[in-house]
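The values are calculated or read from the model by the stated rules, or taken from the named source; none is laboratory data. Remember, predicted model here, so these are calculated numbers, not experimental data. Cβ sites come from the backbone with ideal geometry, for glycine too, and all protein chains shown count toward neighbours. These accessible areas exclude ligands, DNA and RNA; they are computed on the full protein's heavy atoms, side chains included. Shrake-Rupley method; radii C 1.70, N 1.55, O 1.52, S 1.80 Å.
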Amino acid sequence: MRDALDATPYDALLLLSFGGPEGPDDVVPFLENVTRGRGIPKERLKEVGQHYFLFGGVSPINDQNRALLDALRKDFADHGLDLPVYWGNRNWAPYLTATLREMVADGRRRILVLATSAYASYSGCRQYRENLADSLAALEAEGLELPRIDKLRHYFNHPGFVEPMIDGVVQSLAELPEEVRDGAHIAFSTHSIPNASADTSGPVEGHGEGGAYVAEHLEVARLIADAVRERTGVDHPWQLVYQSRSGAPHIPWLEPDICDHLEERHASGVPAVVIAPIGFVSDHMEVLYDLDTEAKAKAEELGLPMRRSATVGDDPRFAAAVRDLVLERAAVERGQQVTPCALGALGASHNVCPAGCCPARAAKPAAAGADSPYA
């Protein structure tokens, strides 16, 4: 074991995730949490919940977070990093507010947050920061001493996030029939969001056309495609595609949809497809249903050989990347010079979300950023 690593001034890491039902009776209450304030009737929620009922009413995300917690704790212990790891969810137990209350009771005063979303967007970053602000407001109303909370930077281009996905694509290509393997197309898939949200994602100055959300995904797709070419000797064509649209039909969302894309690729004569879900940290419901169920069924209907590559999940390299990000941010807070680890042309993301970053339609307080009311 190496010498103990220094996470000062931080005294805890909080894994912050979406949450998911863990049984049939949880599905509708969970969806009520997700859609609170939108006035969606319970009968409609039952229809939406059919995706969950197909899998016994259980989302895989909570078990995957437990596995990631174990991986983080093992990595930290193996490398002498004495930093306790907690877990809180946005929409299901363990709820964020309850976890922060526990952390305060344990004496935690400087908390780093790891969100299970690697990219800049309202739903992937600022909404989590709004959740943190809501929870801090609840603790403040209870008269508790509030901890200072910071959020780890976006890690979409950290090697520990990208390299496991490269391996997954290479393995999926190897699993295709040999006669179609070299001609296979790679569909890099992520969650669709409204065009307006994509255009305003990231800092106010943005990252060029499409905003940070699209630019960051395109960068990861290029990194993976380039690495796959180097490892296999084959230059596979690829495209960024989208899935899991949930908005009103009249509002433009990012396209093409994965199933439409499969139809188009098949019509153009592509002999096989590998779907790489680069927008997701783990195999939660959007991966399990939208890719492993719907997209798989569409490929079978078309007679199109398809494989779906692995997400990062609890890969030890991702746990090591989180450790690296923790130590990087801790050193920055101590005033040390740091060279952040990042692949590709975009470089490392900002440590502190700027004011106005990834705005919502209605302004709400957001913690762990330059515009936080809880600095």
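Contact map, the range 158-175: residues that are farther than 20 Å from ALA345 by Cα paired with residues that are open to solvent by 10 Å² or more (accessible area, probe 1.4 Å), Cβ distance under 6 Å, separation 6+ or inter-chain. Pairs shown: GLY168/ALA310; VAL170/ARG231; SER172/ARG307; LEU173/ARG181; GLU175/ARG307.
Counting only helices (runs of 4 or more DSSP H) that sit completely within the range 12-113, those holding 2 or more residues that are farther than 26 Å from ARG329 by Cα correspond to 27-34, 42-48, 50-53, 61-78. If you go through the range 260-292 and keep only what is of a type in the set (S, T, N, Q) and either closer than 28 Å to CYS125 by Cα or touching a His at 6+ places or on another chain (Cβ under 7 Å) (or both), you end up with just SER282.
For the range 332-347, a residue qualifies if it is in a loop (DSSP other than H, G, I, E, B), β-branched (Val, Ile, Thr) and closer than 17 Å to TYR10 by Cβ, and exactly one does: VAL338.
If you go through the range 64-79 and keep only what is among the acidic types (Asp, Glu) and open to solvent by 40 Å² or more (accessible area, probe 1.4 Å), you end up with ASP70, ASP78.
Residues of the range 56-94 that are more than 20 Å from VAL322 (Cα to Cα) and more than 18 Å from the chain's Cα centre (by Cα): GLY56, GLY57, VAL58, ALA93, PRO94.
Residues checked against (1) assigned to a helix (DSSP H, G or I); (2) closer than 24 Å to ARG126 by Cα:
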residue	(1), (2)
ALA297	yes, no
ARG317	yes, no
ALA320	yes, no
ALA330	yes, yes
SER349	no, yes
PRO359	no, yes
PRO365	no, yes
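Contact map, the range 237-262: first residue basic (Lys, Arg), second residue surrounded by 12 or more Cβ atoms within 10 Å (Cβ to Cβ) and not in a loop (DSSP other than H, G, I, E, B), Cβ cut-off under 8 Å, separation 6 or more or different chains; pairs are ARG245/TRP253; ARG245/ASP257.
Report yes if VAL58 is under 23 Å from ALA12 (Cα atoms) and among the β-branched types (Val, Ile, Thr), otherwise no. Answer is no for this residue. Every listed requirement among (1) farther than 25 Å from TYR374 by Cβ; (2) without any contact (Cβ under 8 Å) to a residue 60 or more places away in the chain; (3) surrounded by fewer than 21 Cβ atoms within 10 Å (Cβ to Cβ) is met by ASP82 save one, (2).
Against the condition aliphatic (A, V, I, L, M), in contact with a Ser or Thr (Cβ under 6 Å, 6 or more places away or on another chain) and open to solvent by less than 50 Å² (accessible area, probe 1.4 Å), how does LEU96 come out, does it pass? Criteria met by LEU96. When the residues of the range 256-295 are narrowed to those that are small (Gly, Ala, Ser) and either open to solvent by 20 Å² or more (accessible area, probe 1.4 Å) or in a loop (DSSP other than H, G, I, E, B) (or both), which ends up nearest to SER246 (Cα to Cα)? Going through the qualifying residues, I end up with GLY279. Scan the range 123-134 and tell me whether some residue there is among the hydroxyl-bearing types (Ser, Thr, Tyr) and within 21 Å of ALA360 (Cβ to Cβ). Yes - at least one qualifying residue is present in the range 123-134. Against the list (1) under 18 Å from PHE161 (Cβ atoms); (2) out of contact with any Gly (no Cβ under 8 Å at 6 or more places or on another chain); (3) crowded, with 22+ Cβ neighbours inside 10 Å, the condition ILE61 fails is (2).
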